[in-house]
1. Would you check if Ile124 is open to solvent by 40 Å² or more (accessible area, probe 1.4 Å), hydrophobic (A, V, I, L, M, F, W, C) and more than 30 Å from Asp245 (Cβ to Cβ)?
2. Is at least one residue of segment 53-69 in a helix (DSSP H, G or I), of a type in the set (Ser, Thr, Tyr) and loosely packed, with under 15 Cβ neighbours inside 10 Å?
3. Kindly evaluate Glu99 against the criterion of being touching a helix residue (DSSP H, G or I) at 6+ places or on another chain (Cβ under 7 Å), open to solvent by 50 Å² or more (accessible area, probe 1.4 Å) and modelled with pLDDT of 90 or more.
4. Return the residue satisfying two criteria in turn: it lies in segment 246-263 and is in contact with a strand residue (DSSP E or B) (Cβ under 7 Å, 6 or more places away or on another chain) and assigned to a loop (DSSP other than H, G, I, E, B), and of such residues it is surrounded by the most Cβ atoms within 10 Å (Cβ to Cβ).
5. Where residues in segment 178-232 are without any contact (Cβ under 8 Å) to a residue 40 or more places away in the chain, part of a helix (DSSP H, G or I) and basic (Lys, Arg), which of them is most open to solvent (accessible area, probe 1.4 Å)?
6. Identify all residues within segment 151-166 that are of a type outside the set (A, V, I, L, M, F, W, C) and open to solvent by less than 10 Å² (accessible area, probe 1.4 Å); write none if there are none.
7. Using beta carbons and a limit of 8 Å, which pairs, at least six apart or on different chains, have the first residue in segment 18-29 and over 11 Å from Ile55 (Cβ atoms) and the second one open to solvent by 40 Å² or more (accessible area, probe 1.4 Å) and not in a helix (DSSP H, G or I)?
8. Inspect all residues belonging to segment 115-125 and state whether any of them is in contact with a helix residue (DSSP H, G or I) (Cβ under 8 Å, 6 or more places away or on another chain), under 28 Å from Tyr272 (Cβ atoms) and part of a helix (DSSP H, G or I).
Amino acid sequence: MEIRTLRYFLETTREGNMTRAAERLAVTQSTLSKQLKGLEEELGKKLFIRHSFSIELTEEGMLLRKHAEDLLTMADKITEEFKSLDDILGGDIYFGCAESFQICYLARMIRLCREQYPGLRYHITSGDTEQVAEKLDKGLLDFGIIVEEPNREKYHVLTFPEADRWTLVMPEHCALAQKEKIEFEDLLGLPLFCSEQSVRNDLPRWCGERVRELKFEGSFRLSYNGSVFAREGLGYLLTFDKLIDTSPGSGLTARPLSPLLETPMYLIWRKYQVFTPIAERFLSIARQEFERIGKAGKEEKIKEVARHDIRSA
């Protein structure tokens, strides 16, 4: 199975039309048709249902499309990595990111890296821990940024300097908006939105087995989508603080959970992973930046304790 043939296949599925796909690929329609028929013969499966002016994927075709996208992404990534081996000022880095306000730290580290290596090109994919880890394990990403305890036997780990705090996002004029903090009993009977990952891993740390008593109206991988439903009065969104616009006029407000629920964030990469030069340089900058932020945080805590002692005296 040739990479070129897989590119022909994917372009045809994207266009949904053999003629347009051939034009985009700069080949004749007969050449494209011959290549695709050869692919079907090689796999022993029918990939398309051909109509007069369009094509439709069979179940086998849909399966191949899923794998072909990953294979071609990997092939392109390998090509770029070899091109960048001699490029000391640039190259491509691929990140998979969870939702968190702490992505600001990643953006800062990329900026610092780009100031030193202006040829840096970065690619960001968003997803939950399961999605990010899957792409990382396949070699489609260089680094993952996740909000679930990582498997330290598989990955190297740097912990972000802060933790995400959980809040309940709700319409600004609802009754619960009058409270300063949201306790477990406040949630009983309410239609709730949350990610499936968080229902499994985060909320049990807050309310234990009683998580089963909560009524989940739906699940969202992206908090923004959940906030749209909350604004329409369809439910209440459990999510990290600082992800959703709850400023005056937004129609939404947020209150922290009580007792406090926090989730750490991690930068991870595969053990025994061979990095390109630019990825190595980014990792060096990331380590330095995490160390600097950690020291600054400790110094600020020491100053705060000293200020408290002075006030007490």
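1. On the way: open to solvent by 40 Å² or more (accessible area, probe 1.4 Å): yes; hydrophobic (A, V, I, L, M, F, W, C): yes; more than 30 Å from Asp245 (Cβ to Cβ): no.
No: the conditions fail for Ile124.
2. Residues of segment 53-69 in a helix (DSSP H, G or I): 59-69.
Imposing the further condition that a residue be of a type in the set (Ser, Thr, Tyr) reduces the set to none.
No, there is no match, as no residue in segment 53-69 is in a helix (DSSP H, G or I), of a type in the set (Ser, Thr, Tyr) and loosely packed, with under 15 Cβ neighbours inside 10 Å.
3. Working: touching a helix residue (DSSP H, G or I) at 6+ places or on another chain (Cβ under 7 Å): yes; open to solvent by 50 Å² or more (accessible area, probe 1.4 Å): yes; modelled with pLDDT of 90 or more: yes.
Taking the combined requirement at face value, the residue satisfies it.
4. Our first condition is that a residue be in contact with a strand residue (DSSP E or B) (Cβ under 7 Å, 6 or more places away or on another chain); within segment 246-263, this holds for 246, 251-258, 260-263.
Of the ones still in play, those that are also assigned to a loop (DSSP other than H, G, I, E, B) are 246, 251, 258, 260-261.
On the way: Thr246: 18, Gly251: 16, Ser258: 14, Leu260: 11, Leu261: 20.
Taking the candidates together, the pick is Leu261.
5. Filtering first and then ranking leaves Arg212.
6. Of everything in segment 151-166, just one residue is of a type outside the set (A, V, I, L, M, F, W, C) and open to solvent by less than 10 Å² (accessible area, probe 1.4 Å), namely Asp164.
7. Once the first residue is over 11 Å from Ile55 (Cβ atoms) and sits in segment 18-29, its partners that are open to solvent by 40 Å² or more (accessible area, probe 1.4 Å) and not in a helix (DSSP H, G or I) give Ala22/Thr28.
8. yes
The values are calculated or read from the model by the stated rules, or taken from the named source; none is laboratory data. Only a predicted model underlies this, so the values are computations on that prediction, with no experimental measurement involved. Positions of Cβ are backbone-derived with ideal geometry, glycine not excepted, and every protein chain shown enters the neighbour counts. Heavy atoms of the whole protein, side chains included, go into the accessibility calculation; ligands, DNA and RNA do not. Shrake-Rupley method; radii C 1.70, N 1.55, O 1.52, S 1.80 Å.
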